[in-house]
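Nothing in this text is a laboratory measurement; each read-out follows from the coordinates by a stated rule. Small disclaimer: the values here were computed from a predicted structure and weren't measured. Every residue, glycine as well, gets a Cβ built from its backbone with ideal geometry; the counts of neighbours run over all protein chains shown.
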Amino acid sequence: MNSWPILTLVVLAPWAGAALLGLRPGLGDRASRWLGLAFSLSTAALGAALLAGFDPARPGLQFVERHAWIRSLNVHYHLGLDGLSLVLVLLTAAVAPAAQLSGWGRAGPARVPTLLLLLLQGAALGVFLAQDFFPWFTCWELSLVPAYFLIRLWGGPGAARAAYQFVIYTIGGSAFLLAGFAALFASTGTFDFGQLAQLGRDGALTEQLGPWGVRAAFAGVLLGLAVKVPLWPFHTWLPPAYAAAPTGTVMLLTGVLSKMGMYGFLRLLWPLFPAQLHAAAPALLALAVAGIVLGAWAALRQEDLRRMLAYSSINHLGYCLAALFAVAAAAGGERPAAEAAAAALAGLVLQLFNHGVTAAALFLGVGILEARAGGRSGLGDFGGLRATAPALAAFAGVAFFASLGLPGLSGFVGEFLIFRGLFGLHPAAAVLALPGLLATAQFLLTAWRRVFHGPVQGAAAGFSPLTAAERSALVLLTVLMILPGVAPGILTSLTHPLVTAWAGHLTP
Amino acid sequence: MSALPWTIYVSLAGATLLLALGRASPWVARGLALATALAGAALGATGAAGFTAQPGLQTLVNIPWVAGPGIRYHLAADGISLVLVMLTGLAATAGVLFSWNVRERAAEFFALYFLLISGVYGVFLSADAFLLFVFYEIAIVPKYFLIANWGSTNREYGAMKLVLYSFAGSALVLAGLLWAHAAGGGQGFGLAELTRAASALPAAQQVPLFGLLFVGFGVLAGLFPFHTWAPTGHVAAPTGVSMLLAGVVMKLGAYGCLRVALPLCPAGFAAWQPLLGGLALAGILYAGFVALVQEDFKFVIGYSSVSHMGFVLLGLAAATPQAVAGAVLQMFSHGVIAGLLFAVVGRMVYERVHTRRLDHLQALGLHRQLPFPALVFVLAALASMGMPGFSGFPAELSILIGTWRTAPLWALGAAAGVVIAAAFTLRVLQVSFFGPAEPVAPTDAHPPPALDPITWPERAGAALLLAATVYVGLKPDALLGWILPALQSPALQPILRGTTP
């Protein structure tokens, strides 16, 4: 079981690259970039090995590594991987190299930003693989550090405030998450996710913490995760941070870090507190639907591409949250809703992957525009780009239509399954969320038309062609938007047993 | 084990020798000081190597001193003492390295410095309350001279305020000890005898007695609302002394609360517990908010010390094994981290740019000119915010766990304290080192200031303290393995609720 610590390697490989960069202060920009790219690709290489060795038929954890770490706190170094973790590792494998490549054209020293991106990548991977609260929370918090400095030091206007807000909001949530786990440990004496989930299923947690204790712990964990995803109305840190962050950072923020929060909902909140989540689900579902609708409407009103995409992220993650809350609300109901629940959950996991790739691609496109427009990213700063930058227009077209859910591209399958599940579980929520879908189509098409169509104007004139780095990053992400659209089975086969097991728990 | 008392003697010998050297060259004084500090640290480590964790104090020396009132020269150690002895060794060594640039009467400076250190070692190793009190006073007096002679901003005021508060606290402690001694029929000042005598007192007497002892020691630990000496004193002190004040001297107070006040009066503690928890939380939150609005770099760190010591006091007030273990771990952790923060502010930054005003520092964007201090401060700030991977995290986590068992609302308050700590630490980090996003182009009128390069003692001191906080952060068992058995001592059983994990 502990034969070959491949999961440790997954986490440590990017950090090894960061350490290497940190120890060589004199390293040139070119060498730094290639080193960063090479180490960011380590996840892809190791992910391929994981994919080869992964048994999709088993819903439980695989490649498990478990060693005693801190005996006085019963902490274990415990890594493991199931279908959900694997999908998110693969997502990181795709987004991280693209994020590295996005910075290749930027002027200024490359060593430190490259190093910080690698740190961020390793921390996110640690979150997806850790199965004990202590290492999980370590990576969860450590991910803030490189993100903060990337935004603070290399961000655009307003970066100082945005970075501070981002970190304080997130820590504000995770301090209560920490208190929640302290409460769990005080009663159970364990930090192991598997053991805690078992206690949660048995109802033993409620017994040991008391009705109010378990509610307080639930609220603390919920708050920590809700800020991270974010769940409306805990989203206010997000638009400024996404607007100010450098391109590679925002790609990782929206592509990978926002998935950390969603992963926490699936790995921690739901398994540990099924009864509490069931009780709170109707209210949370209302918030998620509010996020879907208001996020899309807010995106509609933006005049800046980055802010538009930021609100669109809130909208897209709202679908994931709505799917989970609808399933939790339906749990234990009279009608067997396992099939609808399985559809919603399968859609959720697909949506995590697809939104990660698509949002990263869209922000990469914005970064490419900014690099040629002196940092501007207003919708009115461009026009007719289709004529002057046909290649970019083609790539962006795929990303725009994937984002709005055109059949044949990746976004469609996930959203279709989520709505299919939502209609089965909670038709009212599905109907209320529909305006969000329409508004999404509207703002994406409007942006597409204003930037790429019409007469050539603004920064669109004299648009320099895509560099090799930009082109490689775009090709990588575009392939991953088309492939799951045409053959969603590639991803769903990995998570099918897991989703079936989740849905199976619903009926008592 | 038997090496531990020599930490006191070596420090005293170093102090005497330095005093005898008088006006010797600073290099001789520094060399001797570093040797003394390292010898103390090495003796502490030797003692630790031969230590087997078990409940209760293990006697090192026990001879009669003053026969009449039964005062004995009784030194003893358990896991808690050992953790703090190790901390003292680290802090003293780092403090010397960051005092390397003291030129004016250097031998005298270091003589007082080691007199203070010998008192600190003595307090942590005393098993006789009177002896503990004597060492406690030895640690207080040199502070005045160190601050008043070698300090900076408002040094006479800071020094006098600090010493008056300290003496007022000791007066309360002394009154409490005499009361307990009388209650025991004048049998002796040994902690075991006093505990037996005082814990047999009726609750009506234990309540005021506990108040005298806990508040008396608590003054030195920064117990709200008697904490105001700490920020002014820390700011006025020279860097090496700030490091010791925040790093170990505040721990003397917390140690006294744990070693003397709690075991002596279990019934008194029970009555005081809700108030103490409230005061500890008030300290965490109030000092945190005050730190958030300071305009002087060093005051931010000074108030942050009060806020962090609030976690120690909260852990003691919660009185579960997890919480108290977390409090002791937090004492160690804060000792190291506060030392680092003061070193960066007082030595690495202030003595190069000669300002601590945050608005001035902001305009300089110091991370470009001082990359090493910036890196050290980033790491120290992360440790101070309670980031996992550093020693503060297991300490705060243990305190949260243990506090939850006593009073869930306290744990929520402490979580709010963690957020405020993150807010003020991040603010000062952002303003002090990472000023404007774009470098201000140097003009002829404003050439970029030429700053002295970072010296090797600064690098060594920072590396030492960083290594300690990271090591304990990743392997808290190294210290918890000593602390937890010590909490099973019979003296603490009437106080601690719940089982030791």
Next on the checklist: Counting only helical runs of four or more DSSP H residues, what would the 222 nm mean residue ellipticity of chain A come to if each run contributes -39,500 (n - 2.57) and the total is spread over all its residues?
Outcome noted: -24500 deg cm²/dmol
Checklist entry - PRE reach from B:A20 (point 7 Å along Cα→Cβ): which of the stretch B:108-148 fall under 16 Å by backbone N? => result B:108, B:111-112, B:115
Item to check | Estimated [θ] at 222 nm from DSSP helical runs (n ≥ 4, -39500 (n - 2.57)) normalised by residues in chain B, nearest 500 | outcome: -23000 deg cm²/dmol
Item to check | Helix axis angle, A:338-372 relative to chain A longest principal axis, alpha carbon, degrees | outcome: 30 degrees
Checklist outcome for this item: Between B:Q58 and residues 5 or more places away or on another chain, the pairs with built amide H atoms under 5 Å apart involve B:A77, B:D78
Checklist entry - Mind listing which GluC sites (Glu not before Pro) in the stretch A:314-376 are in a DSSP loop and have 14 or fewer other Cβ atoms within 10 Å? => result A:E334
Checklist outcome for this item: For the protein assembly as shown, the percent of all C-alpha pairs falling in each 10 Å bin, from 0 up to the bin holding the max distance, is 2, 11, 20, 22, 18, 13, 8, 4, 1, 0, 0
Next on the checklist: Over the Cα atoms of the stretch A:151-286, each weighted equally, I'd like the Debye log10 I(q)/I(0) at q = 0.15, 0.16 Å⁻¹, rounded to two decimals.
Outcome noted: -0.73, -0.80
Checklist entry - Given just the C-alpha atoms of chain B, how large is their convex hull per residue in cubic angstrom? => result 124 Å³
Checklist outcome for this item: Ranked on Cβ counts within 10 Å of their own Cβ, fewest leading, A:W34, A:W232, B:W404 go A:W34, A:W232, B:W404
Next on the checklist: What is the angle, in °, between the Cα long axis of helix B:26-49 and the longest principal axis of the Cα atoms in chain B? Nearest 10 is fine, range 0 to 90.
Outcome noted: 40 degrees
Checklist entry - How high is the FRET efficiency from B:A460 to A:L434, r the C-beta distance, R0 51 Å, rounded to 0.05? => result 0.20
Checklist entry - Taking neighbour Cβ counts within 10 Å as the exposure measure, how do A:R471, B:R347 sort from fewest upward? => result A:R471, B:R347
Next on the checklist: Restricting to bridges with both residues inside the protein assembly as shown, how much of the DSSP beta-bridge set is antiparallel, in percent to the nearest 5?
Outcome noted: 100 percent
Checklist outcome for this item: With Cα coordinates, the longest principal axis of chain B makes an angle with the long axis of helix B:477-486, in degrees rounded to 10, of 20 degrees
Next on the checklist: If amide hydrogens are placed 1.01 Å from N in the peptide plane, which non-local residues have theirs closer than 5 Å to the one on A:W69?
Outcome noted: A:V75, A:H76, A:Y77
Item to check | ³J(HN,Hα), Karplus 6.51/-1.76/1.60, whole Hz, each residue of the stretch A:495-502, x for Gly, Pro | outcome: 9, 4, x, 5, 5, 4, 5, 4
Next on the checklist: For the stretch B:53-141, take N as its residue count and report Rg(C-alpha) divided by 2.2 N^0.38 Å.
Outcome noted: 1.26
Checklist outcome for this item: Taking a crude spin-label model, label points 7 Å out from Cα along the C-beta direction, the A:A68 to A:A286 distance in nm is 5.0 nm
Item to check | Size of the stretch B:152-235 as Cα extents on the principal axes (Å, biggest first) | outcome: 48, 22, 15
Checklist entry - Hey, got the dipole for the protein assembly as shown? About the Cα centre, +1 on K and R Cβ, -1 on D and E Cβ, debye to the nearest 20? => result 960 debye
Checklist outcome for this item: Of the listed links A:K259/B:K475; B:K143/B:K298; A:K228/B:K475, those spanning more than 25 angstrom between alpha carbons are A:K259/B:K475; A:K228/B:K475
Next on the checklist: Using Cβ contacts closer than 10 Å as the measure, can you line up A:C320, B:C265, A:C139 from fewest to most?
Outcome noted: A:C139, A:C320, B:C265
Checklist outcome for this item: With x for Gly and Pro, the residue-by-residue ³J(HN,Hα) of the stretch B:168-177, computed from phi through the Karplus equation 6.51 cos²θ - 1.76 cosθ + 1.60 at θ = phi - 60° and given in whole Hz, is 4, x, 5, 4, 4, 4, 4, 4, x, 5
Item to check | Residue-wise HN-Hα coupling along the stretch B:95-106, computed from phi with Karplus coefficients 6.51, -1.76, 1.60 (Hz; x: Gly, Pro) | outcome: x, 5, 4, 8, 9, 4, 8, 6, 9, 6, 6, 4
Checklist entry - What is the extension gain from A:A44 to A:A279, computed as 0.36 nm multiplied by their sequence separation minus the C-alpha to C-alpha distance, in nm to one decimal? => result 80.6 nm
Checklist entry - Ratio of chain A's C-alpha Rg to 2.2 N^0.38 Å, to two decimals? => result 0.92
Item to check | Amide H within-cut-off set for B:D128, under 5 Å, with H built and near neighbours excluded | outcome: B:H74, B:L191
